[in-house]
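Scroll down for the structure; my scribbles are underneath it.
The values are calculated or read from the model by the stated rules, or taken from the named source; none is laboratory data. From a predicted model like this one, the values you see are computed outputs, not experimental measurements. Please note: Cβ atoms are built from the backbone with ideal geometry, for glycine as well, and neighbour counts cover all protein chains shown.
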Amino acid sequence: MNLQKLNKKVKYGISGVLILFVSFGILSFNESRDFKLVKNIEVFSNLLREINYFYVDDTDPEKMIKTGIDAMLKTLDPYTVFIPESELDNFNFMTTGHYGGVGSLIRKSGDYIVISEIYEGFPADEAGLKAGDLIVEIDGKSTKGLSTTQVSELMKGEPNSEIKISVQRYNHEKYITKAIIRKEISIPSVPYYGMLNKETGYIRLTGFTKDANKEVRSALLDLKKNYHAGSIILDLRGNPGGLLYEAVKIASLFVDKGQEIVSTRGKVKEYYQSYKAPDQPIDKNTPLAVIVDRGSASASEIVAGAFQDLDRAVILGERTYGKGLVQTTRPLGYNNQLKVTTAKYYIPSGRCIQALDYSHRNKDGSVGHIPDSLISEFKTHNGRTVYDGGGIAPDIKVSPGDASSLTIQLYTRFIFFDYATKYASLHDTIPPAGEFIFSDEDFKDFKAFVKEKDFQYENRSSIVLQDLVKQVKKDKKYELASVDLEDLKDKLAPDVDQDLDKNKKEISEFLTTEIIGRYYYQKGSIKSSLQWDNDVENALKILSDQKQYSAILHVPEQKVVAVNK
């Protein structure tokens with residue numbers, strides 16, 4: 001298409017939008033607002049046409065418009081986004097948990113992409129691919145220099161189509177090539193559930209994709225009927241949310257039918273809705289604890305907040321993220337979508353838990369938390385005091401515990417991952433989660449592995465000391481304190497070998513979980529990590545103490561006795 005034809009196409013396309021807007025939009029807006037909107041759309045179309053025609057170099061109108069749309073939406077909130085046709089598959093995966101592919105997670109590793117996790121029972125697993133395999137070719141073409149997104153797109157495809165993947169495996173000289181038939185991949189929202197002891201069942205919920213409620217329902221029924229669970233822990237840590245109605249259905253498993261779980265209020269009457277428990281509960285009496293953290297958002301906060309407001313569960317952990325905004329997708333034509341914030345949601349006590357105020361930005365464009373002066377007090381069903389303005393505050397605050405600087409850097413720089421790859425190459429089998437022990441000999445081997453990697457790191461205290469020295473010099477006090485500061489610098493200096501020994505327990509726990517995942521997949525990793533989980537430990541203590549549980553929720557003790565024993 002030549003420049004003149006392209007110019008006409010852009011001009012007539014935008015003119016068409018203007019005609020439609022003038023014809024119909026004027027019914028919805030007052031004259032002043034309508035005029036401003038039409039005027040600015042016309043200015044925008046004129047600007048695009050002039051640049052397209054007169055700019056010295058060739059331009060890409062589609063790219064320019066996409067950039068303009070993204071910049072415009074950035075003035076709103078981070079959840080209102082334009083979804084072009086090219087990104088629709090990723091969006092659908094976020095809401096359904098389904099996609100066509102081989103069933104693996106990948107990440108960048110140098111010039112190539114490495115498989116970071118294999119999903120159990122899917123094509124990559126059945127073909128014998130392993131976490132730690134370096135993807136070097138796809139369908140005979142090198143992947144060197146490709147991004148994670150590019151390789152991901154190559155690996156996805158229609159179910160029943162074939163893909164050939166060549167990998168470089170640890171301690172193997174030659175490439176390993178596998179012909180794999182893609183399938184529809186459905187990632188479970190409940191990757192693990194089980195009994196923590198004879199009394200307490202545990203359910204990990206990682207997302208609110210389509211049919212997540214069915215997975216939670218199935219897990220709950222199994223724990224109660226086959227394992228006689230007398231109490232339940234629902235783990236929502238790191239769960240970013242998902243579909244609103246899935247949250248309502250999951251909450252309804254534990255509360256009376258017809259009980260309001262959440263309501264939404266927006267500018268358009270269509271989004272004034274009340275969502276009530278649609279079904280009879282499976283269990284409204286068994287003691288329930290819900291674990292949350294700063295990564296629990298949106299639908300996770302609906303569930304945790306509803307249970308708190310209805311005094312149905314004890315909430316433990318950290319304050320949640322604070323996302324009280326509801327998004328709806330609107331079609332824009334040509335398979336493009338707009339995900340737009342249409343309402344705020346309110347849990348049963350009447351509070352909204354949105355933490356950030358996007359409507360009143362600072363002069364620099366930043367946003368702040370809801371100020372204390374605007375935070376209101378609300379009451380739960382049993383009269384407990386709760387507050388709005390910033391996520392769900394747990395009934396029992398539990399610190400997750402800070403990992404050492406050494407452990408964090410070993411994790412983020414993939415030293416744990418790489419060692420697990422080596423370990424798996426040398427051991428065909430290991431005992432299952434809960435029985436496998438990372439031995440002293442294994443730890444000695446890990447220390448040698450770290451040394452081979454020439455691993456160096458900075459600890460927090462040394463970084464803080466550097467800042468202190470800078471400030472002391474600014475204050476012209478360094479000569480007075482130099483001896484003490486230098487002595488402190490020597491004492492705080494990282495010593496990898498010694499620091500590995502000092503943090504042996506913590507490091508061994510991380511390594512145990514990483515290694516278990518190579519043999520027993522995500523289920524094994526989760527089960528293994530629960531052994532050292534401070535939140536879970538505190539939840540178990542509360543659930544085993546009927547008096548404390550009742551006191552927290554302001555309920556009579558006899559009402560929390562399990563009914564399925």
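For residues in the range 361-394 being of a type in the set (A, V, I, L, M, F, W, C), without any contact (Cβ under 8 Å) to a residue 40 or more places away in the chain and part of a loop (DSSP other than H, G, I, E, B), which is farthest from Gln273 (Cα to Cα)? Only one residue fits best here, namely Val367. Restricting the range 419-460 to residues that are polar (S, T, N, Q) and exposed (fewer than 15 other Cβ atoms within 10 Å of the Cβ), the residue that is nearest to Glu486 (Cα to Cα) is Gln456.
Conditions tested, residue by residue: (1) without any contact (Cβ under 8 Å) to a residue 24 or more places away in the chain; (2) in a helix (DSSP H, G or I); (3) more than 30 Å from Thr286 (Cα to Cα).
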site: Asp467; (1), (2), (3): yes, yes, yes
site: Glu486; (1), (2), (3): yes, yes, yes
site: Ser508; (1), (2), (3): no, yes, yes
site: Tyr520; (1), (2), (3): no, yes, yes
site: Glu537; (1), (2), (3): yes, yes, no
site: Tyr549; (1), (2), (3): no, yes, no
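Yes or no, residue by residue, for (1) over 30 Å from Glu246 (Cα atoms); (2) touching a residue at least 12 places away in the same chain (Cβ under 8 Å); (3) surrounded by fewer than 18 Cβ atoms within 10 Å (Cβ to Cβ):
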{"residue": "Ser104", "(1), (2), (3)": "no, yes, no"}
{"residue": "Gly140", "(1), (2), (3)": "yes, yes, yes"}
{"residue": "Gln150", "(1), (2), (3)": "yes, no, yes"}
{"residue": "Tyr170", "(1), (2), (3)": "yes, yes, yes"}
{"residue": "Leu196", "(1), (2), (3)": "no, yes, no"}
{"residue": "Gly207", "(1), (2), (3)": "no, yes, no"}
{"residue": "Asn213", "(1), (2), (3)": "no, yes, no"}
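Per-residue answers, yes or no, for (1) touching a strand residue (DSSP E or B) at 6+ places or on another chain (Cβ under 6 Å); (2) modelled with pLDDT under 90; (3) over 19 Å from Val326 (Cα atoms); (4) in a helix (DSSP H, G or I):
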position	(1), (2), (3), (4)
Ala71	no, no, yes, yes
Ser86	no, yes, yes, yes
Phe91	yes, yes, no, yes
Ile106	yes, no, yes, no
Glu120	no, no, yes, no
Asp125	yes, no, yes, yes
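Rundown of residues vs (1) of a type in the set (Phe, Trp, Tyr); (2) exposed (fewer than 10 other Cβ atoms within 10 Å of the Cβ); (3) at pLDDT 60 or above, yes/no style:
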residue	(1), (2), (3)
Lys5	no, yes, no
Lys11	no, no, no
Val17	no, no, no
Leu20	no, no, no
Ile26	no, no, no
Phe29	yes, no, no
Phe35	yes, no, yes
Glu42	no, no, yes
Val56	no, yes, yes
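Here Asn335 passes the criteria (1) in contact with a Phe, Trp or Tyr (Cβ under 9 Å, 6 or more places away or on another chain); (2) farther than 30 Å from Asp535 by Cβ except the one numbered (1).
State the number of residues belonging to the range 360-382 that are of a type in the set (Ser, Thr, Tyr), closer than 30 Å to Leu553 by Cα and out of contact with any helix residue (DSSP H, G or I) (no Cβ under 7 Å at 6 or more places or on another chain). Full working, then the answer.
At the first step, the residues of the range 360-382 found to be of a type in the set (Ser, Thr, Tyr) are 366, 373, 376, 380.
Narrowing the set further to residues that are closer than 30 Å to Leu553 by Cα leaves 373, 376, 380.
Those still in the list that are out of contact with any helix residue (DSSP H, G or I) (no Cβ under 7 Å at 6 or more places or on another chain) too: 373, 376.
Looking only at that region, the number is 2.
Val167: outside any loop (DSSP other than H, G, I, E, B), over 24 Å from Ile515 (Cβ atoms), modelled with pLDDT of 95 or more and under 29 Å from the mean Cα position of the chain (by Cα), yes or no? Spell out the reasoning first.
On the way: outside any loop (DSSP other than H, G, I, E, B): yes; over 24 Å from Ile515 (Cβ atoms): no; modelled with pLDDT of 95 or more: yes; under 29 Å from the mean Cα position of the chain (by Cα): yes.
No; evaluated as a whole, the condition is false for this residue.
Which ones in the range 330-360 are in a loop (DSSP other than H, G, I, E, B) and touching a residue at least 24 places away in the same chain (Cβ under 8 Å)?
Of everything in the range 330-360, those that are in a loop (DSSP other than H, G, I, E, B) and touching a residue at least 24 places away in the same chain (Cβ under 8 Å) turn out to be Tyr334, Asn335, Ile347, Pro348, Ser349, Gly350, Arg351, Cys352, Ile353, Gln354, Ala355, Tyr358.
Per-residue answers, yes or no, for (1) β-branched (Val, Ile, Thr); (2) closer than 27 Å to Ala277 by Cα; (3) in contact with a strand residue (DSSP E or B) (Cβ under 8 Å, 6 or more places away or on another chain):
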site	(1), (2), (3)
Ile135	yes, no, yes
Gln150	no, no, no
Leu154	no, no, yes
Leu205	no, yes, yes
Asp235	no, yes, yes
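Out of Gly258, Gly242, one residue alone is out of contact with any Pro (no Cβ under 8 Å at 6 or more places or on another chain) and surrounded by fewer than 21 Cβ atoms within 10 Å (Cβ to Cβ). It is Gly258.
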